[in-house]
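Below is one structure, written out as structure tokens; the observations come after it.
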Amino acid sequence: MNKKYNLCGLGNSLVDIQVNVDDYIINKLILKKGEMILTDIDEQLKYLNELKNVNRNLCSGGSAANTIIAFSKFGGKTCYMSLLGDDELGYFYANEFREIGIDLHANHLQSDPTGTCLVMITPDSERTMCTSLGATGKFKPENLNNEMIATSEWLYLEGYKFTAEDSTNAIYKSIEIAKNNKTKIALTFSDGFITTYYKDKLHDVVMQSDLIFCNENEALSFTGEHDFNIAFAKLEEMVPNVVVTLGANGSLIKYNGEKFRIPSYPASPVDSTGAGDMYAGAFLYELIVNNSPLKAGHLGSFASAKIVSQLGARLNYDHIALKNELYELLDKA
């Protein structure tokens, strides 16, 4: 059966507000450098007001959204499901998706503002994030677009959706729809606090997934192991296909019974925002469109090296040119 979309995403819709700050600001806001915290709307406004005179960059985002955007820019056919506020940021978000060519199913709620993620980047390239979910935190099973899921080759889910009961139920319902329509399921763990505080829900979905993405720390946290090799072996027992990113040590992949050790590519770290999301987007593109898990790992590694070498989660580089550049490197190897 030919499907309309290569990849359908279900995740949060957040407008990333990126600012460069020093450690003094992080301490003044009583935040721990490098952490990601959830804030309510009032608390987020307090942080934004404190930084009102700092130059900022706006970008539509969210973990799964970043992956869908990357996949689309590599040339894939994509769609995305979420919720937005009936406000300026909500329409900014929707317009960006339209310009990129992603089919977006996202109602604009009058009751809640569009979600935001304040990304504070210090000179050492560490990112400290304060996220207020706003409208996207209200996502329920009835907000799903069944047809989008049914007409996609793969469904991509983000772990951040486990932070609310309604959105967790939406995840479960989306899996049911996917399985009924032979749509494969990929899941990203998203963050260490998901593997720590929402492990049971995460485990439920892992056991129903065709492919999972996580980093080394998330793999250790989720499995409760201290040895990475043991943790990876446990993941292999749970799910058919596994991708674990290892930072400067590249990534380890098991797909269709084969294992691939992928090296890292040279990078000049500036900002780690979106590195894992970019890896997943590049990997899934090469896997779904060209059916090559080995090249998928290389493209994921190559693209994530580019993203950490710049500011923000949106790659300032022609994705098609980047893909061709990698192909040339692999041909010469």
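The values are calculated or read from the model by the stated rules, or taken from the named source; none is laboratory data. Note that the structure is a prediction, hence the values are computed from the model and not measured. Note: ideal-geometry Cβ built from the backbone for every residue, glycine included; neighbour counts use all protein chains shown.
Worth a mention:
- Residue check for Y197: aromatic (F, W, Y) and farther than 27 Å from E147 by Cβ: yes
- Region 251-276: number of residues that are modelled with pLDDT of 95 or more, surrounded by 19 or more Cβ atoms within 10 Å (Cβ to Cβ) and of a type outside the set (S, T, N, Q): 5
- Members of region 155-170 that are touching a strand residue (DSSP E or B) at 6+ places or on another chain (Cβ under 8 Å) and either basic (K, R) or crowded, with 24+ Cβ neighbours inside 10 Å (or both): L155, Y156, L157, E158, G159, K161
- Listed by first and then second residue, the pairs linking a residue in region 197-213 that is small (G, A, S) to a residue that is assigned to a helix (DSSP H, G or I), with Cβ atoms under 9 Å apart and 6 or more places separating them unless they lie on different chains, are S209/I175; S209/M238.
- Scan region 112-135 for residues that are of a type in the set (G, A, S), over 14 Å from E88 (Cα atoms) and not in a strand (DSSP E or B) and the total you get is 1.
- Within region 103-122, tally of residues that are acidic (D, E) and over 17 Å from S167 (Cα atoms): 1
- Here L315 does not qualify as at pLDDT 95 or above, touching a Lys or Arg at 6+ places or on another chain (Cβ under 7 Å) and surrounded by 20 or more Cβ atoms within 10 Å (Cβ to Cβ).
- On the stretch given as region 18-45, residues that are over 29 Å from T195 (Cβ atoms) and either at pLDDT below 90 or out of contact with any helix residue (DSSP H, G or I) (no Cβ under 9 Å at 6 or more places or on another chain) (or both) total 4.
- Test: residue in region 201-208 that is basic (K, R), within 19 Å of the chain's Cα centre (by Cα) and assigned to a strand (DSSP E or B): no
- Beta carbons closer than 8 Å, at least 6 apart along the sequence or on distinct chains, pair a first residue in region 85-112 that is free of Cβ contacts under 8 Å to residues at least 12 places away in the same chain with a second that is of a type outside the set (D, E, K, R) for R98/L104.
- Options D210, D227, D204; residue that is closer than 22 Å to K295 by Cα and either out of contact with any Pro (no Cβ under 7 Å at 6 or more places or on another chain) or not aromatic (F, W, Y) (or both): D210
- Check on D166, within 16 Å of M81 (Cβ to Cβ), part of a helix (DSSP H, G or I) and not aliphatic (A, V, I, L, M): yes
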